[in-house]
Structure formats: C-alpha cells, structure tokens
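J.: First the structure, which I've put down as structure tokens, then a few questions once you've had a look.
The values are calculated or read from the model by the stated rules, or taken from the named source; none is laboratory data. This one's a predicted model, so the numbers in the text were calculated from it and none came from an experiment. No Cβ is skipped: glycine too gets one built from the backbone with ideal geometry, and neighbour counts run over all protein chains shown. Note: areas computed on protein heavy atoms with side chains; ligands, DNA, RNA excluded. Shrake-Rupley method; radii C 1.70, N 1.55, O 1.52, S 1.80 Å.
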Amino acid sequence: MGYGLEVVKNSYAYQDEAAIVVYSTLGYMTFMWIFDSQYWPRALCIISWFSIFVAFSVSMCLLVALIPYGPICVFTVLMPLSLFGIKKLMYDQIPGHVYAGWVHGILVTMASITVACWFYWNTKNGNMWDSPTNAIYSHASGCAVDFDAVDAEVCENADYPGVPCFWNEDYTEVSFSADSCTKRCLDIYQACEEGFITWANPGLASMAMFAIGFICKYLQEPDDPHAKHQIRGVFRSCVLFLFLFWIYASLAGAGEGLSSSLIAFAISMGIGSGIVFAVVFWGTIVSEPSRIVGKATRQVEKYSDLVVSGPARHDDEYTDFVRGYFLLGFGPFIVLYGLISIVNQYVRRHLIRNCCRKRVPRAAYEHNGLFTLAVTRQINDYISWDHTKVLTYAIYWGVNYAFLNVFASKFTTVFLSWFVQYTSTMGLSAVTLIVLFVGMTLFMIPIMPGLPIYLTGGIVLVSAGHDILGRWGSICYACAVSLFLKLLACAVQQKIIGQRLGGSISVKQMVSINSEGIRAMRVMLSDKGITSRKVAVLVGGPDWPVGVLCGILGLDLCSVLVGTLPVVAVIVPSVFVGSFAYLGSLENDDGMDLYPWSSTMGAIASTFAAGAMFYFTLSAAAAVKHTLKNSKDAINAIPLDEAVQEANVEAEERRTTYERVTIWRDVPTHMKYVLVTAVLSMMGCCFLLVIFNESCFRDYDLMYTIGNHLGGSWTNLVLPMGRIALMLFAISCVLLYIFESWATAKTTAELKSIDVNRINEPLTSIEMSSCP
C-alpha cells in the first residue's frame, strides 16, 4: 500500500552508501566507547548520539531490501519519540500522564484509519496476498532466485534462461499454468520474507500504534490499581497476535525466516513502550530509581508465583534464570566486551587521565587493573554467581529455543503435511476419527494448548470434506468437530484424570493444588450455575489443569461443558486460519489461485483469533486477581492438601540438598568440563539456528509433499549445517544428562546420610543420658 514497493525498488541504488554509513557509525560508536564518551562535554555527547540515531534510522530504511523489518522498527521507535519530542518543545509544563491521554486518541485514530485503508486496499484487484502478488513483491524485494530448489526444467523460462517461468522477459507480467509452470515454482525465491513484510507493513504499523496508544490510555491514570493489569493484557495481546501472524505466514508459505523479523518488531515495540513509560514516570525514575526497580521486581515475582507450579521460588532463582539466558544469547559478545574493555582501560590510563582529569571519577582515575573499573566489578560479580545453576539454565533456554524453532516448527510442519497427504485419499468419516484420536492425544499433554489442534482440524477436515460438503460446509463441519473435540477432552480430563486419578499426589502437584492461583480458581469453579468468572476460567484458563481441577472438585460435568461453550469464539477463527491456508493452495485449470482472497482472509482470521484469546485470557487473569483480593476468606477456608504439602516439603528439601552438593567449588573438575562443554555445544547449536537458519533446513510449506519436495524422505529437510546444529544439540543434552545423573546420585546419597544421622541422634542422646 502506498509507496512501499517503490521505496524497496529505489533503495537498491543506495545500498552501498547505506552500508558504509552503518559500518562508519559502528566504528564511531566503538571509538566513543574506547575513548570514554561519558566524560566528553555534554554538547558533544548529544550531537554524537543524535547523529548516530539519525544515521541508523536512515540506513535501516535504505537497506530495506536486505533488512525488510528496518522501516517498521524505525517507525515503531520514532513514532512515540517524535510525539513526546513535541511535548518537550511545546507542552513541557503538561504532566506526562495527561499528555499520554491526549496521545492515546491520536494513535488509535491513526491506527484505525490505517488498518481500514489497508483492508480496503486489499479488496482491490491484484493486491491480495496470492501467487502473483507473492511473485511481484519477491522480485521487487530482490529475493535471490535458486532454481536448484525446484525442478529447473519446469520452473525456468525456456525462452529466456535465468528468468522464472511465470515471468515474461522484462518482468512486467505474471502468469501460471496448471500443466507446467504451477505456483509451486515460487519456491525459487527460497522462502524470502522480504516481500511479505513489505506487503504487511501497514498492518504491523497499525498494530504498533494500537498497542502504544492503549498503553498511553491506561497510563493517563498511573495510580489506577487496574492499569497494570490492562497494560499486561495489551502486551499479551501483542505477543499472541505476532504468534498467530507467524503461524499464518508459515501456512501461507511466507513464514520461513520470518521469526527474526517479528522478533525485531517485538523488540522495537518494547523500546517504543519504554519511551512512553519513561516520559510518564520520568520524575519518579530520576528521584526514586530504586522504588521503580523494586516495584517491577515484586510484580514479576508475584506474577510468576501464580503461574509456576511447585514450591515457592526464591529471588536468586529468577536472577539465575535471567543470567542463564544472558549467558547463552550473548556469550561471544561478552568475550568481545572484555577485549574492548582492555583497550578502553589502556586508553584511559595513558590518555583520558591527562586530558579529562576533572571529569573522570576518582575511583576510575586511580584504578590500574587490566580491565576498566566497571568491568572488574562485573567480573567479581560473575565470580559470585551460582555457576552450576546458571549454566544449567542456559542449556534449558537452548533446549526451549531449539524445540520451538526446530521440533515444534520444522518437523511439525513436515508431520502435518504428511498427515494432510495421508488423509487426502480417505473418506471424511475416517479422517474425522483420525483427527479426534490425534487431537485427544495432544489434549492429554498438560502443556499443549488447543490452538494447533484447531488449526490442524481446519486444514485436514476441510481438505477431506471440500468436495462433499462444499467450501463453507466443510469449514462449518471442521468447527463443529473441533468444538466436540474440546468438550470431549474436557470430559476426559475431568472424569478420568480428575476424578479417577485426582487422589494421586503427583497429579495434584502437577495441578499445583495448594497454590493461591489454583485455590482462587477452585473458589470460582465452585460457583453455582454459570457465572462470568467461572466461564472466564473454563475458557481462558490453561486447558489441562482446569479440566483436572474440575474433576478433583467433583463438579457437575454438564455445567462445566455448558460453561465451556463460549470457547467457540476461539475455535472458529482458529479453524478459519487453517481452512483459508488450505483453500489458498488450490488452483484452477489455468494454474492460478482458485481462492485468491483466502490469504487476506486468513490474516483477518488470525487477528480475530488473537483478539478472542486476548479477551478470555485477560478475563481469566482479572477474575483470578479479583478473587484473590476480595475472596480471601473463602480461599483461606480451603484446607491445604497435607499429602501434597508434605510432598512439596520433601521436594524443597531435595532441591536445597541438590544445590548444596552442586556448589561450583565442590564440583569435581571433570564434571565441570562436562557442564561447560554442554553449554558451549548448546550455544553453537543456537547460533547456527539463528544466524544460518536458511542453511540448516530446506524451505518447506505445509502444503508441500515429502515425495515432491524432500526427495521422498523427511530427513532431507535437514541440510548439512542443520545436522551439525542437531548434533551439537544432542551432545549438549547427553552431557547435561550425565551431569544431572551425577548430581542426582550425589543428592540421593546426601539425603540418605541425613536420614541416618536423624535416626542416630535420638539413640546417641539416650546413650548419653544413661551414662553414670
């Protein structure tokens, strides 16, 4: 929409200059660091940082063909910065929260107009995200052509070598055919996400304005006790929207490599939101910084206590968790940071001391170590870390990332594509039974949400029933089956797991039966009849724990199922996302898209699904918090499960013993090498998956087939570099297993010795008392 595509085309002429500006700016920033810019005159510092900001912003826009998310990220940061810059110049006397209320209306109005224009623009012929649009935007964005990714004899233009078959000689017309040049030939662009990001930029810009606008709305009364819950809901909604946006883009064949773009966009929204918070709370930040940090820490811990099951967490555990992430993600940069610090200290000792003596603090002036004073203190702080726990958390971070990036994304896509192909020749009844069986199996996994199950049903059931029931009939059938599957899973979780296995201590521990959050849910679920807070928990709460909890409480099944029916507001748009993805893969006799509008409708369905999930999740969280605040007597009246309490005490004792026997200084040298090697292996795996993702795995769409696109074997999905990454992942997991097996054995031995001492202590005291 607008001049986005023209900007991308014209940016090619300035790529070399923009790259020079970026490298020069990075070099100047390094120079500022080494030569202690914090001690420079204030005017020079302001000019330097303003120039750096302008240079990076302009460069990101000019490098749009190479960094497609550059313009949207720059817009997301500049938008609140410019608005509050106007405040500084023209409304400096107006309180920040009052101005934030003004800005809210402006941003929401602009976002509404933008998204309305974008949807209208999509309805015009040739603008929907279909195969011709994909080809036009991919070519204009400079996506590399790789005929090795497809059948070159079919997809290369026979009359014009090097030109794709669907383009004419001068790249002005796109056409496909059913016999030879099908839309699968678009695979020559190797899942280039630049075109899709350029096409979706207006929608992403609208989302950024909506998010920051509503944050401004809730900050106009910063003392409102409900403001923080509303802002948290905005952030959750944004995360969910980006997740569904990524899922839909992947289903539409435009999502490979899209993760980095959405992550960068999410980070830029975080920076923009931070600017808003800084303006509103600037006075408090300057006068009472410790108060802000303390309140933020308490909020994080309070929220974590509601969602983390098991024994209560300790302050150090949250800190070590973050340290593990920092170590895994920035390990190589930490080494570079130390090397630059050495150079910085050399310059400071021989130059800065002499020319800027009055500006250098006394402690830094007198420090003569190898590193700067700040880095020396950071190294001393690092030495005091619980290295065993931090290194272990780093590996767990890597396992989670690899699982989401590879197993839950790449391999799941291959499995679903095989599932679609496998069921394509079956009757609708057989496919329905298979979907019910697979869906019930997935619903029995405690951490599995319903969203991927509904998406799969939307693809498979519509594929099987399209010819029998028609387009909309098969979609309605998929929605009905998905709703039945959800209700059936609720019944099984309640009657079989909750009532039959509810006496199991391990099941109660998994549900976290004694936690405040779950006890609040027990109060709400015990309401007679159908109440709003009961529906909020049944629909917006976690599927497996809520279902099992209903069984433990012995609630009436019919009442629970009726209260769960509003989940249809989540199921229908989720099924639509999968259904429109399948419809978008169908072609007419001319090789063109049979339903060219399906991709755009899928994007709209993703938005509605995110909105529904946001509403119910926020309602459930608000209901739990309201109950915790206003129903304390009812919550306290619920007796704690003594058996679970004892099991938690035993688990806590085992945890503390484990921490004691794995103190880093007491860990044998060979086990230290095992754990460090495991971290380095996981670090190598994650960096390969992040930086060289396209070289690790072949591009694979949900509508592809293993026979045509992977040479008949699903293992061909993994390229040689991907095998190296998976090998490093396996090595890290094996080494972690070895270390934890050793630590568990040591913990068990230590606990046995403690039990023996407890038994011997009374005997010893009796013997002492009997002595004459």
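J.: Rank S559, S59, S753, S384 by accessible area, highest first, at a 1.4 Å probe radius? Walk me through the numbers on the way to the answer.
T.: Details: S559 25, S59 5, S753 50, S384 85 Å².
Reading off the accessible areas and sorting them downward yields S384, S753, S559, S59.
J.: Once you have the alpha carbon radius of gyration of the stretch 1-79, what is it after dividing by 2.2 N^0.38 Å, with N set to its residue count? Spell out each step's value before the answer.
T.: Numbers: Rg = 14.7 Å, N = 79, 2.2 N^0.38 = 11.6 Å.
Rg over 2.2 N^0.38 Å, computed on Cα atoms: 1.27.
J.: In this model, which of K508/K625; K672/K746; K672/K752; K486/K534; K534/K629 are farther than 19 Å apart at the alpha-carbon? Walk me through the intermediate numbers first.
T.: On the way: K508/K625 22 Å; K672/K746 15 Å; K672/K752 25 Å; K486/K534 17 Å; K534/K629 16 Å.
Where the Cα-Cα span goes over 19 Å, the pairs concerned are K508/K625; K672/K752.
J.: Rolling a 1.4 angstrom probe over the protein chains, ignoring ligands and nucleic acids, what is the accessible area of E740 in square angstrom, nearest 10?
T.: The value for E740 is about 50 Å².
J.: Relative contact order for the stretch 635-720 using alpha-carbon pairs under 8 Å, separation at least 6, rounded to a whole percent?
T.: On the way: 24 pairs, mean separation 14.5, N = 86.
Reported as a whole number, the value is 17 percent.
J.: If I take R0 = 30 Å and measure r between the Cβ atoms of I496 and F415 in this structure, what FRET efficiency does the formula 1/(1 + (r/R0)^6) give, to the nearest 0.05?
T.: Working: r = 27 Å, r/R0 = 0.88.
Using R0 = 30 Å, I get an efficiency of 0.70.
J.: For D527 and E646, FRET efficiency with R0 = 45 Å and r from the beta-carbon atoms, rounded to 0.05?
T.: Working: r = 30 Å, r/R0 = 0.68.
Efficiency, from the Cβ-Cβ distance: 0.90.
J.: At 1.4 Å probe size, what's the solvent-accessible area of F407? Round to the nearest 10 Å².
T.: The accessible area of F407 comes to roughly 70 Å².
J.: Taking 51 Å as R0, compute the FRET efficiency from the Cβ-Cβ separation of L44 and L5 and round it to 0.05.
T.: Details: r = 41 Å, r/R0 = 0.80.
E between L44 and L5, to the nearest 0.05, is 0.80.
J.: Let me ask you something else. By the scheme Lys and Arg +1, Asp and Glu -1, what is the net charge of all other residues having a beta-carbon under 9 Å from that of D527?
T.: Details: positive: K528, R533, K534; negative: none.
My count for the surroundings of D527 gives +3.
J.: So how much slack lies between S504 and I106, counting 0.36 nm per residue of separation and subtracting their Cα-Cα distance, in nm? Intermediate values should be presented prior to the final figure.
T.: On the way: separation 398, 0.36 × 398 = 143.28 nm, distance 5.55 nm.
Contour length minus the Cα-Cα distance gives 137.7 nm.
J.: Amide H to amide H under 5 Å from E156: which residues, 5+ apart in sequence or cross-chain, H placed 1.01 Å off N in plane?
T.: Residues meeting the criterion, in which the H sits 1.01 Å from N, are C165.
J.: Follow-up question, since we're still on this one. Between L89 and D666, how many nm apart are label points set 7 Å from Cα along the C-beta direction?
T.: Computed distance between label sites L89 and D666 equals 6.4 nm.
J.: If you stretched the chain out fully between Q15 and N127, how much longer would it get, using 0.36 nm times the residue separation minus the C-alpha to C-alpha distance?
T.: On the way: separation 112, 0.36 × 112 = 40.32 nm, distance 2.71 nm.
Gain in length upon complete extension: 37.6 nm.
J.: Contour minus end-to-end for R349 and T715, with contour as 0.36 nm per residue of separation and end-to-end as the Cα-Cα distance?
T.: Numbers: separation 366, 0.36 × 366 = 131.76 nm, distance 5.72 nm.
Difference between extended and current length: 126.0 nm.
J.: From the phi angles alone, apply the Karplus equation (6.51, -1.76, 1.60; θ = phi - 60°) to the stretch 97-105 and give each ³J(HN,Hα) in whole Hz, x where the residue is Gly or Pro.
T.: Once rounded to whole Hz, the list reads 6, 5, 5, 4, x, 5, 5, 3, x.
J.: Another question, then. Tell me, what is the 1.4 Å probe accessible area of Y401, in Å² to the nearest 10?
T.: Approximately 70 Å² of Y401 is accessible to the 1.4 Å probe.
J.: Another question about this same structure. Through the Karplus equation 6.51 cos²θ - 1.76 cosθ + 1.60, θ set to phi - 60°, convert the phi angles of the stretch 25-32 into ³J(HN,Hα) values in whole Hz; use x for Gly and Pro.
T.: Karplus values, whole Hz, x for Gly and Pro: 5, 4, x, 5, 5, 5, 4, 4.
J.: Arrange the residues W129, W49, W40 by how much accessible surface each exposes, largest first, with a 1.4 angstrom probe. Let's see the in-between values first.
T.: On the way: W129 10, W49 130, W40 45 Å².
From most accessible down to least: W49, W40, W129.
J.: Moving to a separate point now. If DNA, RNA and ligands are ignored and the probe is 1.4 Å, what is the ranking of W742, W472 by accessible area, most exposed first?
T.: Values: W742 55, W472 115 Å².
Ranking W742, W472 by accessible area, largest first, yields W472, W742.
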